[in-house]
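Enquirer: Below: one structure in structure tokens.
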Amino acid sequence: MHGGLHSPGTVAVSAAAPLALVGLTVAIGASGSPSLQGTVAIALCNLIIVLGLQVFIGNSGVYSFGQLGFAMAGGYLAALLTVPASFSAFQTPGLPALLSEAQLDPLAATLIAVAGSVLLALLVGLPLMRTSTLAIPISTFAFLIVAYNVLANWDAVTGGSGGLVAIPTSTSVTSAGLWAGMAVLAALAFKWSASGYRLQATREDEAAARSLGVRLMGERMVGFVLSAALCGLGGALAAQQSGVLTPNAFYFAATVTTLTMLVVGGVRSVLGATVGALAITVVVETLRGFEEGHRVFGLPSLGETPGLAAIGLGVILLAVMIGRPSGLTGGREAGELLRRRRESCSSSARGHGVRLTSIPREGAHLDRGTKRQELVADGVSLAFGGLQVLRDVSLVLRPGERLGLIGPNGAGKTTLVNVISGFQRADAGSVYLGGGNVSGHSPARLARAGLVRSFQAALPFEQLSCLESVAVGAMGTGAGRRRAVGEARAVLTRLGLLELSAERAGSLPAGSQRLLGIARALATRPRYLLLDEPAAGLNDQEGAELVEALRDVVADFDCGLLLIEHDINLVTELCTRVQVLDQGRTVALGSPEAVQRDPAVIESYLGSGYPAVAGA
Amino acid sequence: MLELREVRARRGGAEVLHGLDLTVEAGEVVGVIGPNGAGKSSLLRVLCGLLPPSAGSVSFDGRDLTGLAPEQITRLGIAMVPEGRQIFASLSVAENLRLGARGPLGEAATAEAMERFPILGERCGQRAGQLSGGEQQQLAIARALVGSPRLLALDEPSMGLAPKAIDSIYELLDGVRREGMTILLVEQNVARTIDFCERSVVMSRGVIRAEGERDELQRDPALLRAYLGRQL
């Protein structure tokens, strides 16, 4: 079901493991005493909520403290839609007749509750997802507080802080288990969808993801809404399990508990959410037994020890954070854990390393029929504080051309690329792409228009595999998963990285990570590719091999290339024109040979020792 | 002075050093070259305690370094100039230097460094992030030197620098070498490394495949070519 990014075996095992845990839980619960059945059913509802948290937090890497607000919404909606009219009359006298007289069947009420949570998430998410990565935890927390206070104080409609009673109890262990199984599949399907990968890319590196065309806010919104749907579902089922509902059911304590479950299990994986939710439930319920002075598992009673369960939760969280900071599962799915195990047994003497020379040429011809025109920066100026970094710099890059941009450190080369690629706004001047003025457009929008850049630092998507990293490049500019995988393979083949497909990007040596960055950018099918020091960290011979590969790739992909590079030999080899910046100004522009003879360039950039050293 | 014996290390599940032997004598200047992914950076990470070896031993002046934390190793006299410079961009030049110095003599050492590196002295109040790449690299080296190390390990000091800036970095390192500092230099710039170091070792796939003195290596480019390009 997941075209090529994982082997079918990995997919099957990754889905089967959490489903088996859910199945086991249902089997234990269904055969137990009524009180055990209740505990298990609630645990399964909590699991659905934790899966909801995983969908947003795990994939976006941004903590939200507000998702339980959607569980409140789902719970209250389901309750109000099912409570018999006779109870509604005194519990919630201010409720509109449409709701108070409705007495829907449980399934309809649950579905409407989920839909309501989704609507609320759309409403709340639009402003919240606009806030910065650091502000989202706080702003979502604010939402939770508002949601609670509305429910606790709008007595006539919600029953106030006393809550609601007489909710028909329809959630059984089996039905909660079925829903939990579907939630597991939904969370996995999202994680492995093109949208899920784009969101994970923003988690790994915001700037790199945006440079590939990923719309940060839009992707976060998708994860936020799906997360709200699952939280709303969990809340609705829980309300219909216990029959009573107070605003406190999904407030601080529940937020802390569910987040602890997720973190202990491993935020990044669906298996982690499942393991965390179920393991913590077992431990907390056991400790609660002790706390109330019961004998548990035949162990002697401790007498009444209030607070034991909460202390236990804290100790577990601490222990996991110290011993296994990425959670019990390490944030991996079951299939990935299994594959890792097999590999670590057979991984001896595996060398990475760049192999650029023996590249097959077939299979990578990407046809782009669009009409192309020049990329132009016109009179760009920019100052940081008092420091004038760019002074009226213009640059023209023609379709299919290879232009070198050189100059001393601090000359403004990277800043110019930042301006052209939308990462930095210029004080003056404009950027034109294909004849249209694109000044001030976001990096994602420019990437979708065919203007893509790489970074000086490799900015790898550390937790993604090489294949996934490059596929995100294609997905960022709109490709579906299947096409993205095809393009990723073609690009990896061209750069000699195909054999590293399954490796985690974070585990590659620095030079290969840089190549991977170029591969990622190429997978977007750029019309213009801006590379910032692609050969840094490669030795002379590897640099020469990179030149060959770039020359071929750029010709095949038919894109214009802007190359910032200090290795003058490499620039001479690859570029047809060279532009030299010094102190924010263009000081020379011409053929590589002419530029190298320019006295101003020798003075400011190459140094008087040139060419003795560079030719060595 | 520095002795690595049969060192093995793993990164991300895979072994990256497969039994590496390396000896550096006091006052010696040794270069490490090799293709991307050969294990050069891993070697330096093992040396300064960021990557604990899974087998083998690392000793410095007869003292076993295995199991020591990075800060303990620094205190024993090994200073590292990391790849990508890693200066504290939002702190001033002077603050960066002060953080490299230790103990009651820190202030004096900082002042001395600013005399020795005039550009840093001129810019002592500026935020380090505002320096040019070459100046930042100078700062990274100066920050390593103010701790009065006995071994200076450098990871790709020329990376991302313009040719002229590379010249001035190597001039500076030449001065450090003349003072008798023991230096271990990891560099992608092969010609530079061989020229600068008395002896260079060639790494590939996690072990040292060849080594030679400056003259030998300069006379025998075939030896280098065999190891530096495609992986064997």
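Enquirer: Against the definition (within 29 Å of A:Phe461 (Cα to Cα) and in a helix (DSSP H, G or I)), how does A:Val146 come out, yes or no?
Expert: The answer is no for A:Val146.
Enquirer: Sticking with this structure for a sec: Go through A:Gly234, A:Gly243 for me and flag whichever is of a type in the set (Gly, Ala, Ser), in contact with a Gly (Cβ under 8 Å, 6 or more places away or on another chain) and more than 29 Å from A:Val470 (Cα to Cα).
Expert: A:Gly234
Enquirer: For the subset of the stretch A:195-254 comprising residues that are outside any helix (DSSP H, G or I) and farther than 30 Å from A:Pro460 by Cβ, which member is nearest to the chain's Cα centre (by Cα)?
Expert: Top of the filtered list is A:Tyr251.
Residue by residue, here is whether (1) at pLDDT 90 or above; (2) within 12 Å of another protein chain (Cβ to nearest Cβ); (3) in contact with a helix residue (DSSP H, G or I) (Cβ under 6 Å, 6 or more places away or on another chain) holds:
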| residue | (1), (2), (3) |
| --- | --- |
| A:Asn539 | no, yes, yes |
| A:Val547 | no, no, yes |
| A:Asp552 | no, no, no |
| A:Ala555 | no, no, no |
| A:Asp558 | no, no, no |
| A:Ile564 | yes, yes, yes |
| A:Thr576 | yes, no, no |
| A:Val580 | yes, yes, yes |
| A:Arg585 | yes, no, no |
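Enquirer: What do you reckon, is A:Phe252 of a type in the set (Phe, Trp, Tyr) and either closer than 25 Å to A:Ser172 by Cβ or modelled with pLDDT of 95 or more (or both)?
Expert: It is false that A:Phe252 is of a type in the set (Phe, Trp, Tyr) and either closer than 25 Å to A:Ser172 by Cβ or modelled with pLDDT of 95 or more (or both).
Enquirer: Same structure again: Can you tell me which residue among A:Ala102, A:Ala113, A:Ala89, A:Ala109 is over 16 Å from A:Ala229 (Cβ atoms) and assigned to a helix (DSSP H, G or I)?
Expert: A:Ala89
Enquirer: Residues in the stretch B:67-84 that are under 21 Å from B:Ala26 (Cβ atoms) and without any contact (Cβ under 8 Å) to a residue 60 or more places away in the chain: how many?
Expert: Number satisfying all stated conditions: 5.
Enquirer: Taking the residues in the stretch B:8-26 that are part of a strand (DSSP E or B) and within 28 Å of B:Ala191 (Cβ to Cβ) as candidates, determine which candidate is nearest to the other protein chains (Cβ to nearest Cβ).
Expert: Step by step, filter the stretch B:8-26, then rank; the result is B:His18.
Enquirer: Another question, then. Output yes when any residue across the stretch B:186-203 is surrounded by fewer than 18 Cβ atoms within 10 Å (Cβ to Cβ), small (Gly, Ala, Ser) and farther than 30 Å from A:Lys413 by Cα, and no when none is.
Expert: Looking through the stretch B:186-203, none of the residues is surrounded by fewer than 18 Cβ atoms within 10 Å (Cβ to Cβ), small (Gly, Ala, Ser) and farther than 30 Å from A:Lys413 by Cα.
Enquirer: Could we say that A:Val222 is at pLDDT below 95 and not hydroxyl-bearing (Ser, Thr, Tyr) here?
Expert: So A:Val222 fails the test.
Enquirer: Among the numbered criteria (1) touching a Phe, Trp or Tyr at 6+ places or on another chain (Cβ under 9 Å); (2) farther than 28 Å from A:Arg203 by Cα; (3) surrounded by 14 or more Cβ atoms within 10 Å (Cβ to Cβ), which single criterion is violated by A:Gly94?
Expert: (3)
Enquirer: Could you run through the stretch A:1-53 and say how many residues are touching a residue at least 12 places away in the same chain (Cβ under 8 Å) and in a helix (DSSP H, G or I)?
Expert: Matching residues across the stretch A:1-53 total 36.
Enquirer: Going by the conditions given, is B:Met181 within 9 Å of another protein chain (Cβ to nearest Cβ) and either modelled with pLDDT of 90 or more or within 13 Å of the chain's Cα centre (by Cα) (or both)?
Expert: The answer is no for B:Met181.
Enquirer: Just give me the residues in the stretch B:117-144 being farther than 10 Å from B:Ala94 by Cα, crowded, with 16+ Cβ neighbours inside 10 Å and more than 10 Å from every other protein chain (Cβ to nearest Cβ), in sequence order.
Expert: Once the filter is applied, which keeps residues that are farther than 10 Å from B:Ala94 by Cα, crowded, with 16+ Cβ neighbours inside 10 Å and more than 10 Å from every other protein chain (Cβ to nearest Cβ), the stretch B:117-144 yields B:Phe117, B:Ile119, B:Gln138, B:Ala140, B:Ile141, B:Ala142, B:Ala144.
Enquirer: Ok, one more. Let me spell it out: the conditions are (1) in a loop (DSSP other than H, G, I, E, B); (2) more than 14 Å from chain A (Cβ to nearest Cβ); (3) closer than 28 Å to B:Tyr170 by Cβ; (4) touching a strand residue (DSSP E or B) at 6+ places or on another chain (Cβ under 6 Å), and B:Thr66 meets all of them except one. Which number is the exception?
Expert: With respect to (1) in a loop (DSSP other than H, G, I, E, B); (2) more than 14 Å from chain A (Cβ to nearest Cβ); (3) closer than 28 Å to B:Tyr170 by Cβ; (4) touching a strand residue (DSSP E or B) at 6+ places or on another chain (Cβ under 6 Å), B:Thr66 is out only on (3).
Enquirer: Here is a further query. Among the candidates B:Pro35, B:Pro52, B:Pro82, which residue alone is out of contact with any Pro (no Cβ under 6 Å at 6 or more places or on another chain) and more than 14 Å from every other protein chain (Cβ to nearest Cβ)?
Expert: Going through B:Pro35, B:Pro52, B:Pro82 in turn, just one is out of contact with any Pro (no Cβ under 6 Å at 6 or more places or on another chain) and more than 14 Å from every other protein chain (Cβ to nearest Cβ): B:Pro52.
Enquirer: If you don't mind, another one. Condition (residue is more than 13 Å from chain B (Cβ to nearest Cβ), within 28 Å of the chain's Cα centre (by Cα) and not hydrophobic (A, V, I, L, M, F, W, C)) applied to the stretch A:528-535: is it met by at least one residue?
Expert: Yes; the residues of the stretch A:528-535 include at least one that is more than 13 Å from chain B (Cβ to nearest Cβ), within 28 Å of the chain's Cα centre (by Cα) and not hydrophobic (A, V, I, L, M, F, W, C).
Enquirer: Which of the following residues is closer than 21 Å to B:Leu173 by Cα, of a type in the set (Val, Ile, Thr), more than 12 Å from chain A (Cβ to nearest Cβ) and surrounded by 15 or more Cβ atoms within 10 Å (Cβ to Cβ): B:Val29, B:Val46?
Expert: Matching residue, one of B:Val29, B:Val46: B:Val29.
Enquirer: Also, quick follow-up: Here are the criteria: (1) within 19 Å of A:Cys559 (Cα to Cα); (2) surrounded by 22 or more Cβ atoms within 10 Å (Cβ to Cβ). Tell me which single one A:Thr493 does not satisfy.
Expert: Failed condition: (2).
Enquirer: Out of A:Val26, A:Val50, I need the residue that is more than 26 Å from the chain's Cα centre (by Cα), of a type in the set (A, V, I, L, M) and assigned by TED's automatic domain parsing to the domain that holds A:Val184. Which one?
Expert: The match here is A:Val26.
Enquirer: Can you pull out every residue in the stretch B:182-203 that is free of Cβ contacts under 8 Å to residues at least 40 places away in the same chain and either under 20 Å from B:Leu47 (Cβ atoms) or not basic (Lys, Arg) (or both)?
Expert: B:Asn189, B:Ala191, B:Asp195
Enquirer: Listed residues A:Glu573, A:Glu565; which is of a type outside the set (Val, Ile, Thr), under 32 Å from the mean Cα position of the chain (by Cα) and either surrounded by 20 or more Cβ atoms within 10 Å (Cβ to Cβ) or within 24 Å of A:Glu374 (Cβ to Cβ) (or both)?
Expert: A:Glu565
Enquirer: Still on this structure: Residues in the stretch A:150-194 that are under 30 Å from A:Arg453 (Cβ atoms) and part of a helix (DSSP H, G or I): how many?
Expert: 3
Enquirer: Here's another thing I want to ask about it. Within the set of pairs 6+ apart or on separate chains, which have a first residue in the stretch A:128-146 that is in contact (Cβ under 8 Å) with a residue 12 or more places away in the chain and within 15 Å of A:Met221 (Cβ to Cβ), a second that is in a helix (DSSP H, G or I) and among the polar types (S, T, N, Q), and C-beta atoms under 9 Å apart?
Expert: Taking only residues 6 or more apart or on different chains, the pairs are A:Leu128/A:Ser139; A:Leu128/A:Thr140; A:Thr133/A:Ser60; A:Thr133/A:Thr202; A:Ile136/A:Ser60.
Enquirer: Determine, yes or no, whether B:Gly206 is farther than 27 Å from B:Ala89 by Cβ, touching a strand residue (DSSP E or B) at 6+ places or on another chain (Cβ under 7 Å) and free of Cβ contacts under 8 Å to residues at least 40 places away in the same chain.
Expert: no
The values are calculated or read from the model by the stated rules, or taken from the named source; none is laboratory data. Computed from a predicted model, the values in this text were never measured in an experiment. As a convention, Cβ positions derive from the backbone with ideal geometry for all residues, glycine included, and neighbour counts pool all protein chains shown.
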